[in-house]
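The next block holds one structure in the form of structure tokens; read it before the comments.
Each value in this text was obtained by applying a stated rule to the coordinates, not by laboratory testing. Quantities reported herein were computed from a predicted structural model and do not represent experimental measurements. Every residue, glycine among them, receives a Cβ derived from its backbone with ideal geometry; neighbour counts consider all protein chains shown.
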Amino acid sequence: MPITISIPTILRPLTGNQKRIEVEGSSVLDAIERMEQQYPGVKEKLVTGGQAHRFVNIYVNDNDIRFSEGLSTRLTDGDLLTILPAVAGG
Amino acid sequence: MSMNQPLTGCVMKGPKSITPDFAPIAVSFLYQSEALGIQTSANENCAGDEALCFEFETPRTAPVTCEITRWEDPSRQGTVSENIMQAACGLMSVHGRTHRQPKPLGLNYVSTLTAALALQGSIAASIGRLRGLPVSSSTVSMAAAGLLSMSQYIAGATASESPETTKTAETTRPLPGSFPACPPFVSLDGVIFELETLDAGPWQKFWGELGVNSAAAGKGWRAFLLRYARAAAPLPDDLSLAISKLTYYRISRICAKTGMAICPVRSIDDRAQDDDARQIWQQGPWSFSPSSSEPKPNDEYLRPDSALPGGDLPLSGFTVIESCRRIQGPLAGHLLALLGATVIRIEPPGGDPLRGMPPMAEGCSARFQALNSLKTVREIDIKSATGKAEIRELARHADVFLHNWAPGKAVLLNLDHGDLAAINPSLVYAYAGGWATDCAEHVSSNSMPGTDFMAQAYSGVAGKVAGAGSSRGGSLFTVLDVLGGVVAAQGITIALLNRCMNNASAKVTSSLMSAATLLCAEDFRNIYSLPASGSKPSASIINEVYVTRQGRIAVECPDMDTVLRLAEVLDITAGIENKGFQRCLSEVFLSKTADQWVELFQHAGIPSAVVIEDLADLQTLTHLQPGLTPGSYTQVNSPWRFK
């Protein structure tokens, strides 16, 4: 089932400067792994030790996956997956 | 000479009388000077209404003039004030974002920043003279200081890719007389407090304990994280509701269990009673401790022919190694770069994640660039043996090493003051922390993350802002990160002058807490019943923001003469003691636009400014343009001009 991934500027060198890409995927991890097949190097920027990297926030339709099922969060047709760097502290 | 008064022997001469709008700046300027051991005295040559002038003299240099003006554009005349400048530079609108309407901060913020930058400018100018630079004066304007405080927000508002506007800050308008659902929080028993965590885990567990569903906690987390960037944090109502059903004690217990930090909003009186408060107030916002190693002869960095390669700014030729994240430390490095230093910024392999934080400008976060665009970047894994060796090698040839690592990390990395001073005895080692000063190691606050909003709550700054009626407690504008960055850069510049004059190197520690003490220095002076350094500023008769036919206007009448001129321009016959006077003012202001009123008031000598509500408008204003450089995002220029 196709979902759209919004690519942050910092990762666009890895995706041929595409701002949005469409991939199939039943979960967030599945979508990231399929993206990795097309654009090698993306996964290591997003995933570490089986979890989303601490410095990255991943949202499914505006919902932070940490507050759902993490990388196992289910995806459905038409979902928008947004990747943003985490911001904390002053 | 005491190490905590490293400028003993220097003299600062200033005017005998000071115009009222410059008074808060002069008071802070003299407090800072005296804390450094500088002897202050009056000088007839420093008189004048157009600018506030001091003369700074060291035992080894001729006097340099320290000039403080109101605007960058010298042709713009007329008195201003703290609130007028907060309105004109956008600070009021950023602070007021949580309420969707501009509000004065309730602190002498721009004045304190201006004083700190002015003092730093004169010290930097003296370093320049010692190094053979023909510099005789430094100038700072209040407007430049105000714009500097807004630099990240201006960058965000003017970024070439999806710029932020106040309207997109996702704020909700609260009901009249109420406060919006955003930090700080209020418990069942009425305690106002801040929560803090830098990780999602404690946040998720905390709200789970309070029975808030994960989706609402997740939405709240995003808003909570972004409050540093957006000065707004609209939280789902579920969160405020859940927390309002528990006592502060109960909430504290849940915090302890889940790893969330909590701090009540305290008053300045509370803070003044802390063991370390009076000492920090007395020593000023910097703590200097000498290096035990013998520095190299200072002639080595005083030789003009070798000291100023490729630049004619006071710190040209000096090298600063910066290992800092977020705002406070990077701003300190940025200010040193503006003074001419070569700043090498250490980032983790892959670069600082904040480079990717929207909005973007030419492939990099505009906010990030606002603080880091002048630096050279070296990606180093500071935890690896190779990385540590690389940092030691950089420090060996540097003049300054600046970090804002978590407390204790420098010791763990073997990159503490002693470690690097052993390699380079002339190195100025600087720590820009949250809580830590040399005398505050045992303060209970050390167990909390040393972030802006926690420091505001603990230090009494949040309580003071609340007392001014503009918030429930504190500001989501990063009040202390910005001032803390200025204080850190100032401390380094002071240590560099001391090194040039006395061949003595040092560790400089500054913190958000010490910046808070500087910001409220006069409150502490009053609590401790100590004599003032200068004439005490008096409260204005009118100091308000009014809605006009188009836009808002900030107006200040410091004395009765100005009130009478205002009444004349507005054609109001009711006396100020009349209860209808304020209502009358509010009605009359609706008859013209804010721009029209300001023009009329300028001719009448009434301090006023259009309240900037969209930061992107700043670059269109003639009187602020000298302080800004448009581009893929609008950059705030150096606050200093040297002649």
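Under 30 Å Cα to Cα from B:Lys375, which lysines show up? Leave out anything in the same chain fewer than 8 places away. Of all the lysines, those that pass the test against B:Lys375 - Cα under 30 Å, at least 8 places apart if same chain - are A:Lys19, A:Lys43, A:Lys45, B:Lys296, B:Lys383, B:Lys388, B:Lys409, B:Lys507, B:Lys643. Over all pairs of different C-alpha atoms in segment B:185-264, the reciprocal of the mean inverse distance, the Kirkwood hydrodynamic radius, equals 12.5 Å.
In summary, the lysines within cross-link reach of B:Lys16, defined as a Cα separation below 16 angstrom excluding same-chain residues under 8 places away, comprise B:Lys536.
Cβ-Cβ distance of B:Ser244 and B:Ala62, R₀ of 60 Å, FRET efficiency by 1/(1 + (r/R0)^6): the value works out to about 0.45.
Along its three principal directions, the equivalent ellipsoid of segment B:81-123 from the Cα gyration tensor extends over semi-axes of 24, 8, 8 Å, largest first. With a 10 Å cut-off around each Cβ of B:315-327, the average count of Cβ atoms from other chains is 1.
Shielding by partners for peptide B:347-359, expressed as the average number of C-beta atoms from other protein chains within 10 Å of each residue's C-beta, is 4.
Computed from the Kirkwood radius of its Cα pairs, the Stokes-Einstein diffusion coefficient for segment B:232-280 at 25 °C and 0.890 mPa s stands at 183 µm²/s.
All Cα-Cα distances of chain B, cut into 10 Å bins from zero to the largest, leave 3, 16, 27, 28, 18, 7, 1, 0 percent in each bin in turn. Diagonalising the gyration tensor over the Cα atoms of the protein assembly as shown and scaling each eigenvalue by 5 before taking the square root yields semi-axes of 39, 34, 25 Å, largest first. Hydrodynamic radius of segment B:1-127 by the Kirkwood approach over all distinct alpha-carbon pairs: 15.6 Å. Site pair A:Gln37 and B:Glu577 shows an inter-label distance of 8.6 nm when each label is modelled 7 Å from Cα along Cα→Cβ. Here the sum of -39500 (n - 2.57) over DSSP H runs of 4 or more residues, divided by the residues of chain B, equals -11500 deg cm²/dmol at 222 nm, to the nearest 500. Legend: translational diffusion of segment B:516-567 by Stokes-Einstein, Rh = Kirkwood radius over C-alpha pairs, 10 °C, 1.306 mPa s; D = 115 µm²/s.
Can you check what the net charge comes to around B:Pro558, using other residues whose Cβ is under 12 Å from the Cβ of B:Pro558 (Lys, Arg +1; Asp, Glu -1)? Don't skip to the end; give the middle numbers.
Working: positive: B:Arg565; negative: B:Asp21, B:Glu82, B:Glu556, B:Asp559, B:Asp561.
Within the 12 Å Cβ shell, the charges total -4.
Report the percentage of all Cα-Cα pairs in segment B:1-70 whose separation exceeds 19 Å, rounded to a whole percent.
I get 30 percent for the Cα pairs in segment B:1-70 exceeding 19 Å.
Annotation: lysines with alpha-carbon distance below 24 angstrom to B:Lys592 (same-chain offsets under eight excluded): B:Lys103, B:Lys579.
Within the protein assembly as shown, DSSP assigns beta bridges of which about 60% are antiparallel (rounded to the nearest 5).
Mean per-residue shielding of peptide A:64-71 is 5, counting Cβ atoms of other chains within 10 Å of each Cβ.
For segment B:337-386, the ratio of Cα radius of gyration to the globular rule of thumb 2.2 N^0.38 Å stands at 1.25. In this simple spin-label model, placing a label point 7 Å from the Cα along the Cα-to-Cβ direction at both A:Arg12 and B:Glu362 gives a separation of 1.4 nm.
At 25 °C and 0.890 mPa s, what whole-number value in µm²/s does Stokes-Einstein give for the translational diffusion of segment A:2-85, with Rh from the Kirkwood sum over Cα pairs? D = 198 µm²/s. With q set to 0.09, 0.15, 0.17 Å⁻¹, the log10 of I(q)/I(0) for segment B:276-524, from the Debye formula over equal scatterers at the Cα positions, is -0.39, -1.08, -1.33. Adding -39500 (n - 2.57) for every DSSP H run of four residues or longer, then dividing by how many residues chain A holds, sets the calculated 222 nm ellipticity at -5000 deg cm²/dmol.
At most 12 other C-beta atoms within 10 Å and a DSSP loop state: those are the exposed GluC sites (Glu not before Pro) I care about. Give me the longest piece of chain B that has none.
Details: sites that count: B:Glu50, B:Glu441, B:Glu577.
Between exposed loop sites, the widest span is B:51-440.
Once the chain from B:Thr620 to B:Leu530 is taken as fully extended at 0.36 nm per residue, the excess over their C-alpha distance is 27.9 nm. Our coupling estimate for segment B:391-399, obtained by passing each phi through the Karplus curve with A = 6.51, B = -1.76, C = 1.60 and θ = phi - 60°, is 5, 4, 5, 5, 5, 4, 10, 9, 9 Hz, Gly and Pro reported as x. In segment B:482-557, one over the average inverse separation of all distinct C-alpha pairs is 16.2 Å, which is the Kirkwood hydrodynamic radius. Expressed as a whole number of Å, what is the distance separating the alpha-carbon centroids of segment A:37-90 and segment B:408-430? The two parts, judged by their Cα centres, are 38 Å apart.
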